[in-house]
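I have placed the structure first, in the form of structure tokens, so that the comments after it can refer back to it.
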Amino acid sequence: MAALTEEQTMIRDQARSWLTEQYPVQKFREMRDSQAEFAFTPDTWAGMAEMGWPGILVPEQYGGLGLGYLTFGVVLEEIGRQLTASPLFASAFVGASAVMLAGNDQQKQQWLPAIADGSQIVTLASDEGPRHVPAAISMQASRNSGGFELNGNKTFVLEGMAASALVVAARTAGDAGDQQGISLFILAADTDGISRHALATMDSRGYANISFDKVSIPADALLGELDQGYALLEAILDRASAGIAAEMIGTAAQSFDMTLDYLKNREQFGQVIGSFQALGHRAADLYTDKEMARSCMEAALQAIDDNGENIAELCSLSKCKTGDFLHFMSNQLIQIHGGIGMTDEFDAGLYLKRARVLESCYGNQAYHRDRYARLLNF
Amino acid sequence: MVNATEFRSAVKGWLEENFPLALKGQTAMLLELASVQNNLEGDILLWRQNLAQAGYGAPTWPKAYGGAGLTHPQAKILAEEMKRVGAFNLIPALAGMGVTMVGPTVLEYGTDDQKARHLPGIASGTIRWCLGLSEPSAGSDLASLTTKAVADGDNWLLNGQKTWTSGADISQWCGALVRTDSSAKKRDGISFLMLPMDQAEIKTRPIKLIAGASPFCETFFDDAKASKDDLLGKPNEGWSVIKRLLQHERQSQTSASRTGSAREAFQDTAKRYVGVDAQGRLDDADLRIRLANHLMDATAHSLTVRRIREEARGKVEVSAAASILKNTATQVAQIKSELTLELMGYQGLGWQGDSFNEEELDNVRSWLSGKAMSIYGGSYEVQKNIISKNILGLPENTQKG
Ligand SMILES: Cc1cc2nc3c(=O)[nH]c(=O)nc-3n(C[C@H](O)[C@H](O)[C@H](O)COP(=O)(O)OP(=O)(O)OC[C@H]3O[C@@H](n4cnc5c(N)ncnc54)[C@H](O)[C@@H]3O)c2cc1C
């Protein structure tokens, strides 16, 4: 853990005790089995709002706490440990980042206080196919008399069913594949012509495919400059990657702790299995990767807070290294638990399924390795 | 105490007056020289003397023992300022194992007399130390060593063979781990003795390595003498002394890669040799991704070094994390050499002669010598044992007896 400030330590301790006492992973399992409408329980979200979490990023002038990205990361990590389901990340992290980065003052006034108090759930709708390729956006936003008309489809929108508003990336010029000609819009999720289709994903989180059929929106729904949305979209995705990496570290750290515990307690051949060198060395590898991934994750969030020069590089580094670690860790979580790890009754499967979904959000490891090379010009 | 800004400007002024500009930018070459040669002349001698005078050879040691009594943050400023003007501290290279390992351990375990006799020579770079620990049958399992020392009047008499003793043929002093009680259990009858190398009863025989040079020796003790005053710590409790010394060794091997040129970014070297496609991507898709991965690992390693230092809040302690950092530093350096060799193609395969340039030949040598990084200082596997036992609390799995 970074050298946390007193405030960050306090927030982490509060988050940890609240989540482990009220919303341990058992609650996530109950939510999964209950087929909750939005893949989270309203009381979880209400409790988070009461503690002010949705306002962690939002500046004080817009009703938030203005505590920054690293602080939010501390909370997300604790959430990742318990798989606690809520729209917090989608809205208060990604949605808030989009409005903070791209919104004009009037848009900030309209959306940020509502994000901060939890009354609005704002989510990003960017990808259109089975893979994350931001420049490939082909959804059309054509000019009409009052503003724009949206036509097209978005896939795998996080909290897409629960969202009350959408930040949509669409094409106002150019062709799929061009960076130029992408624009961002913010609009209510129940605008006429929008239909949402809930996805039943293996990790039981709330995702939706969303289609837009002649959706008419006013000119002031434009977020940022016309045709110039790609750079903003990348900046939003950088933040999303950095944030989800914090959640991933939490998920992986919990998997690590469960595994270490098992290594110390499960006996075979008359000794605890952690005394076998093959497993001791694997634990050492996992631990080493964990420490490396954590450093990258914290450095990316810190760079965003400091408005550093190499944010994009560090965010790709962070997403890639936490992804690699979570992948390795989630497989070893099952392997080292043996048969018990394969049972649904045991929690390992919940973490493994979540792991793969988190890895593919906002670009998987392959995407970020390639992007890192592009950012370094080779 | 002076504040950081004042200290920094004092250091700047000192460097302006004391660093011979002719040495600027030759760090790697001169450090290499200082690690194999004792009698340096001209500007480099002057620079050693100036460093020693200021106590900057071992800047955090007490002034009384040849250091400058600096805090760790101050020592960091000193290193930064030296780097900025193209200067470097060559005393650790001249002192062999003195500055990084023997000195810190003497500071911790030594008597006042031992500190006064041994530390100033190290801090001034005038006495080079070697370490006689490993033996032909005692490598990773160091405690199985058999070199013996028996009391004889005012001395200990040493008999036995050490091996892989780096710099034994050019060192003035040696720290040797020896058995002083053969009846005790493996780890209990061991002592750490310090003895001068200039005696007829010690013979050294250089061993040539795969990289071509002979940085270490077999060392034979045949009634070699160590003064009774030169037993470090308590008799038969040398194991705790050596454990500490090895922690210092690990700590000194945790940072940064040592191979390759710092003149250009690694990816630019790759582009120069491999070429790029129309989109500016390295013209070898497989190598490109492995290179990206390597650069990420290198950054992850240095971010972790920094994070651990920050978490220690400025205290540079010998930490448990040294084992993970030693292993990641090793991997980063070894993979860098491998990638360099690969991207240079045929040009990366030379041994000598003018068909290959200096950069190409250097890489071959450091690729080879770099293989030692995962063997010495506790091998890669031994570090993993340490991580699983000391950090993760898993049961000991190798120690018998
Ligand atoms: C360049 C260089 C400089 C050196 N300088 C010095 C010096 O100045 N002074 C000095 O005293 N020594 C020095 N050494 C020696 C060094 O400390 C030893 O090489 C090291 O301790 C390993 O011992 P070994 O070579 O006998 O290998 P071994 O211990 O025989 O190891 C062989 C293999 O077995 C593995 N292995 C051993 N034990 C275990 C275990 N418990 N679990 C899993 N795997 C294990 C090792 O990792 C290795 O892969 C130097 C070595 C090198 C390469």
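Taking first residues from the stretch A:362-376 that are more than 8 Å from chain B (Cβ to nearest Cβ) and partners that are crowded, with 22+ Cβ neighbours inside 10 Å and of a type in the set (Ser, Thr, Tyr), the Cβ contacts under 6 Å between residues at least 6 apart in sequence or on separate chains come to A:Tyr362/A:Ser241; A:His368/A:Ser316; A:Arg371/A:Ser316.
Note on the stretch A:274-290: residues that are within 21 Å of the chain's Cα centre (by Cα) and either within 7 Å of another protein chain (Cβ to nearest Cβ) or among the β-branched types (Val, Ile, Thr) (or both) amount to 0. Scanning the stretch A:159-191 for residues that are crowded, with 20+ Cβ neighbours inside 10 Å and within 22 Å of A:Pro113 (Cβ to Cβ) yields A:Glu159, A:Ala162, A:Ala163, A:Ala165, A:Leu166, A:Val167, A:Val168, A:Leu184, A:Phe185, A:Ile186, A:Leu187, A:Ala189. Is it the case, given these coordinates, that A:Ala293 is within 9 Å of chain B (Cβ to nearest Cβ), in contact (Cβ under 8 Å) with a residue 40 or more places away in the chain and either assigned to a strand (DSSP E or B) or within 26 Å of the chain's Cα centre (by Cα) (or both)? So A:Ala293 passes the test.
With the condition kept exactly as written, say whether any residue in the stretch B:99-106 is within 12 Å of the ligand (Cβ to nearest atom) and surrounded by fewer than 22 Cβ atoms within 10 Å (Cβ to Cβ). Within the stretch B:99-106, one or more residues are within 12 Å of the ligand (Cβ to nearest atom) and surrounded by fewer than 22 Cβ atoms within 10 Å (Cβ to Cβ). Of everything in the stretch B:1-27 that is small (Gly, Ala, Ser) and farther than 22 Å from B:Ala52 by Cβ, the residue that is modelled with the lowest pLDDT is B:Gly25. Here A:Tyr262 clears all of (1) over 23 Å from B:Ala329 (Cα atoms); (2) surrounded by fewer than 21 Cβ atoms within 10 Å (Cβ to Cβ); (3) within 16 Å of the ligand (Cβ to nearest atom) except the condition numbered (3). Here is the figure for the stretch B:385-397: residues that are touching a residue at least 60 places away in the same chain (Cβ under 8 Å) and either at the interface with chain A (Cβ under 7 Å from one of its Cβ atoms) or loosely packed, with under 15 Cβ neighbours inside 10 Å (or both) total 3. If you go through the stretch B:118-151 and pick out every residue that is more than 10 Å from the ligand (Cβ to nearest atom), outside any loop (DSSP other than H, G, I, E, B) and within 13 Å of B:Leu195 (Cβ to Cβ), you end up with 2. Cβ-Cβ contacts under 6 Å between residues 6 or more apart (or on different chains), taken from a first residue in the stretch B:286-303 that is more than 7 Å from every other protein chain (Cβ to nearest Cβ) to a second residue that is of a type in the set (Asp, Glu) and assigned to a helix (DSSP H, G or I), are absent. The set of residues from the stretch B:220-233 being touching a strand residue (DSSP E or B) at 6+ places or on another chain (Cβ under 8 Å) and over 18 Å from B:Cys130 (Cα atoms) comprises B:Asp223, B:Lys228, B:Gly233. Of all the residues in the stretch B:343-390, those that are within 16 Å of the ligand (Cβ to nearest atom) and either under 30 Å from A:Asn265 (Cβ atoms) or of a type in the set (Phe, Trp, Tyr) (or both) number 15. Candidates B:Arg48, B:Arg84: the one that is basic (Lys, Arg) and closer than 25 Å to B:Gly175 by Cα is B:Arg48.
Just one of (1) in contact (Cβ under 8 Å) with a residue 40 or more places away in the chain; (2) within 14 Å of another protein chain (Cβ to nearest Cβ) fails for A:Arg29. It is (2).
Any chance the stretch B:236-246 includes a residue that's in contact with a Cys (Cβ under 6 Å, 6 or more places away or on another chain) and not assigned by TED's automatic domain parsing to the domain that holds B:Leu295? No; the residues of the stretch B:236-246 include none that is in contact with a Cys (Cβ under 6 Å, 6 or more places away or on another chain) and not assigned by TED's automatic domain parsing to the domain that holds B:Leu295. A Cβ distance below 7 Å, combined with a sequence gap of six or more or placement on separate chains, defines the contacts here; from the stretch A:67-92, residues that are closer than 23 Å to A:Ser164 by Cα reach residues that are of a type in the set (Ser, Thr, Tyr) and not in a helix (DSSP H, G or I) in the pairs A:Thr84/A:Tyr23; A:Ala90/A:Thr123; A:Ser91/A:Thr123.
Is it the case that some residue within the stretch A:301-316 is more than 23 Å from the chain's Cα centre (by Cα), away from every other protein chain (no Cβ under 13 Å) and surrounded by fewer than 16 Cβ atoms within 10 Å (Cβ to Cβ)? Within the stretch A:301-316 (the criterion being more than 23 Å from the chain's Cα centre (by Cα), away from every other protein chain (no Cβ under 13 Å) and surrounded by fewer than 16 Cβ atoms within 10 Å (Cβ to Cβ)), the answer is no, since none of the residues qualifies. If you go through the stretch B:343-386 and keep only what is within 24 Å of B:Asp188 (Cα to Cα) and β-branched (Val, Ile, Thr), you end up with B:Val382, B:Ile386. The stretch A:169-273 holds strands (runs of 3 or more DSSP E) entirely within its bounds, and those carrying 3 or more residues that are more than 19 Å from the chain's Cα centre (by Cα) and under 22 Å from A:Pro87 (Cα atoms) map to A:182-188, A:194-200.
The values are calculated or read from the model by the stated rules, or taken from the named source; none is laboratory data. Fair warning: this is a prediction, and the values are worked out from it, not measured in the lab. In this analysis, Cβ positions are derived from the backbone assuming ideal geometry, glycine residues included, and neighbour counts consider all displayed protein chains.
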